[in-house]
Amino acid sequence: MTDQGEVHVVRWPDRDASTEGGPAGLLTAYHLRTQAEKGEAVGDAAELPDRYRAEVLDPRTSFVDDVVLMALSGDTAVGCLVVTAPVGGRCEVKRLWTDPAFRGRGVASTLVDAALAQAAESGAHTVRLSVWKWRAPAIALYERLGFAVVESWDERDQLVCMERAV
């Protein structure tokens, strides 16, 4: 049984951490849940849209220029987040996901804090993200962490765009 105590964040892939399978399982859960919330539920990863299926099947290639952060409890991956490489002084946070069994324990906050540190280390001055309007708990989390709603840079309906300085 996994110790559900302290959670720590590592970069993936990380030779020092036992993160077999990497973020694939977490990304699968994220995308399946998102598709269902959009009213486009699919049965498994094989039915995901091509773009998202690629992330699940080969995250190393999909995020080759980005930093993938994983929250671990013991050697079990319980959360993930992707920080894009900076462009024009901005990084983007995407794919924040916490295993439902570990929610309410600060995993998401810890991942976002690590993402902000990563962005600063990479020379970014701003971190941005987009989140679906119906994910009110996520929006509240981001606001508690200093993000503010800004004008959308994405044309998708019901997407909330947020930013904060590093």
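Residues checked against (1) at pLDDT 95 or above; (2) under 17 Å from ARG105 (Cβ atoms):
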{"position": "GLY43", "(1), (2)": "no, no"}
{"position": "LEU48", "(1), (2)": "yes, no"}
{"position": "VAL56", "(1), (2)": "no, no"}
{"position": "PRO59", "(1), (2)": "no, no"}
{"position": "PHE63", "(1), (2)": "no, no"}
{"position": "LEU69", "(1), (2)": "yes, yes"}
{"position": "GLY74", "(1), (2)": "no, yes"}
{"position": "ALA77", "(1), (2)": "no, yes"}
With (1) free of Cβ contacts under 8 Å to residues at least 40 places away in the same chain; (2) under 18 Å from ARG33 (Cα atoms) as the list, and VAL78 as the residue in question, which single condition is left unmet? (1)
The lone condition ALA46 fails out of (1) of a type in the set (A, V, I, L, M); (2) over 25 Å from GLY123 (Cβ atoms); (3) touching a strand residue (DSSP E or B) at 6+ places or on another chain (Cβ under 8 Å) is (3)
Considering only region 41-143, give the helices (runs of 4 or more DSSP H) lying wholly within it that have at least 3 residues that are crowded, with 16+ Cβ neighbours inside 10 Å. 50-57, 107-121
What tally of residues in region 144-166 results from selecting those that are in a loop (DSSP other than H, G, I, E, B) and either under 20 Å from SER122 (Cβ atoms) or among the aromatic types (Phe, Trp, Tyr) (or both)? 5
For ALA120, indicate whether it is aliphatic (A, V, I, L, M), at pLDDT 95 or above and within 14 Å of the chain's Cα centre (by Cα). no
Can you find, within region 123-158, the residue that is farthest from GLY88 (Cα to Cα) among those that are in contact (Cβ under 8 Å) with a residue 24 or more places away in the chain and among the hydroxyl-bearing types (Ser, Thr, Tyr)? TYR142
Kindly provide the set of residues from region 5-40 that are at pLDDT 90 or above, in a loop (DSSP other than H, G, I, E, B) and under 23 Å from GLN118 (Cβ atoms), ordered by number. PRO23
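The values are calculated or read from the model by the stated rules, or taken from the named source; none is laboratory data. Since this is a predicted model, take the numbers as computed values, not measurements. All Cβ positions, even for glycine, are placed from backbone atoms using ideal geometry, and neighbour counts span all protein chains on display.
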